[in-house]
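All remarks here apply to the structure that follows.
The values are calculated or read from the model by the stated rules, or taken from the named source; none is laboratory data. As the structure is a computational prediction, the values presented were derived from the model and not from experiment. Cβ sites come from the backbone with ideal geometry, for glycine too, and all protein chains shown count toward neighbours. Side chains are part of the model used for accessible areas, which takes the heavy atoms of the whole protein and leaves out ligands, DNA and RNA. Shrake-Rupley method; radii C 1.70, N 1.55, O 1.52, S 1.80 Å.
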Amino acid sequence: MSKTNKGLKRAFNNWNDVQLVFEDIARHYGICSDWKLKNVLIVIVLVLIFFVLLFGNSGRDEQAYARELGLKIRIHKWIPGGETERGDSNRRIFFHETSGRSDLGLRQTCTVESAARHNPDRPIQVFMTADRLDYSSPWLEILQTYPNMNVVLVDPKGYFANTPLEHWYNDGEWRESIYNIVHLSDYIRVLTLLKGGGMYMDLDFVTIKPLDDKQLWNFFLIETAEMKLLSNSVLHLERGHRLINEMIHRLVKYYDVDDYMWHGPSMISNIMSKNCGVKRGQPDSNNCTDVRLLPHNYFAPISNTEWEFLFSDATEGNMAVVKNGSYGVHCWGGKSVNHPLDLKSNQIYAVLAREHCPITVARAADFPA
């Protein structure tokens, strides 16, 4: 039985119970003889049922609800010092969905699946800020295929509480920014590093091979071949690394409600310049031994100004450009999100998806349009 049918069955069972109760009340108080009052009560009951069905699960146990629907995926609420930050949290690969949506879209699901598929021995954590999850989309059914998957439910207010960034979150100036979701994402990924370290990735990558945790340890990515900026779209720092504290310090001290990049690439570039002597356009200028600068092709073989290349024909030459020493391919979702992705085509993005997130591709028709 599908999840929708199960929900309808529960709704009809509830309605039958209500009918029985209503008939008992009607007979007891003689309401049945007054058709106007009876109709009013029926309307009230229907409205109450509507609100119960719509909002009755707002405080539900998502793990228990998922089990009820036959899903095996691990879903748990974040708690201070809980399992997300214990054990081998330095080896975790984590993602943040900060828009408040209650599911992942097709491209986001592909991102997570490809990471989980190529790294079965590493914890994969998807942090969600929604009050509750949406089970009508196939994202959880897809991701439950991978035993290393975890969905972590985060109440942002509690997550920021008792941290150096608590005042920034509660003060709320960021909510007035046109970049509020971007700024929340910039801040919360660094806060997660502070809490437990690990490897952060944006939700618009396709991982194309195992992420070597010896090579990809304590690093920042050079964003482009010209090395104008360092990236915060993918990075790794182990718990307690001094540069996490430096980033936290900057985020506390310098917030610009109108600046898109200051709390991300610009901040990291500035920190590496002042702390490690990194010079623009000189990748070998890093004099810090506890953090590495990785070449752009490791995760961004195609630059953000050339994102349309990802929708071009997957010729042998084009695929060689994309796979040139790459661990993953940044698909620049902020720019490419509205560009049609034909998963049956020979687009580079489509070819990568079919190979590296095959279950997502197989269920593509089940995602909301």
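Within the stretch 139-167, the residues that satisfy the criterion of being surrounded by fewer than 21 Cβ atoms within 10 Å (Cβ to Cβ) and hydrophobic (A, V, I, L, M, F, W, C) are Leu153, Val154, Phe160, Ala161, Leu165. Output the number of residues of the stretch 346-366 satisfying the condition of being exposed (fewer than 15 other Cβ atoms within 10 Å of the Cβ) and in a loop (DSSP other than H, G, I, E, B). So the answer is 1.
Residue count for the stretch 322-341 satisfying the condition of being open to solvent by less than 70 Å² (accessible area, probe 1.4 Å) and either in contact with a Leu (Cβ under 7 Å, 6 or more places away or on another chain) or modelled with pLDDT of 95 or more (or both): 12. Take the conditions open to solvent by 10 Å² or more (accessible area, probe 1.4 Å) and modelled with pLDDT of 95 or more and apply them to Cys288. Does it pass? Judged against the criteria, Cys288 is a match. Just give me the residues in the stretch 62-75 being open to solvent by less than 20 Å² (accessible area, probe 1.4 Å) and not in a loop (DSSP other than H, G, I, E, B), in sequence order. Within the stretch 62-75, Glu62, Ala66, Ile75 qualify.
Residues that are touching a helix residue (DSSP H, G or I) at 6+ places or on another chain (Cβ under 9 Å) and among the aromatic types (Phe, Trp, Tyr) do not occur anywhere in the stretch 295-306.
Per-residue answers, yes or no, for (1) touching a helix residue (DSSP H, G or I) at 6+ places or on another chain (Cβ under 9 Å); (2) among the aliphatic types (A, V, I, L, M):
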residue: Arg117; (1), (2): yes, no
residue: Pro120; (1), (2): no, no
residue: Phe127; (1), (2): yes, no
residue: Asp131; (1), (2): no, no
residue: Ser136; (1), (2): yes, no
residue: Trp139; (1), (2): yes, no
residue: Ile142; (1), (2): yes, yes
residue: Val152; (1), (2): yes, yes
residue: Phe160; (1), (2): yes, no
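Ala369 passes every criterion in (1) farther than 23 Å from Ser185 by Cα; (2) modelled with pLDDT of 95 or more; (3) assigned to a loop (DSSP other than H, G, I, E, B) apart from (2). Restricting to the stretch 126-138, give me the number of residues that are touching a Phe, Trp or Tyr at 6+ places or on another chain (Cβ under 7 Å) and either assigned to a loop (DSSP other than H, G, I, E, B) or open to solvent by 10 Å² or more (accessible area, probe 1.4 Å) (or both). So the count comes out to 2.
Summed over the stretch 206-254, the residues that are open to solvent by 60 Å² or more (accessible area, probe 1.4 Å) and either part of a strand (DSSP E or B) or closer than 23 Å to Gly334 by Cα (or both) give a count of 3.
Restricting attention to the stretch 298-342, the residues being free of Cβ contacts under 8 Å to residues at least 12 places away in the same chain and more than 29 Å from Ser99 (Cβ to Cβ) number 4.
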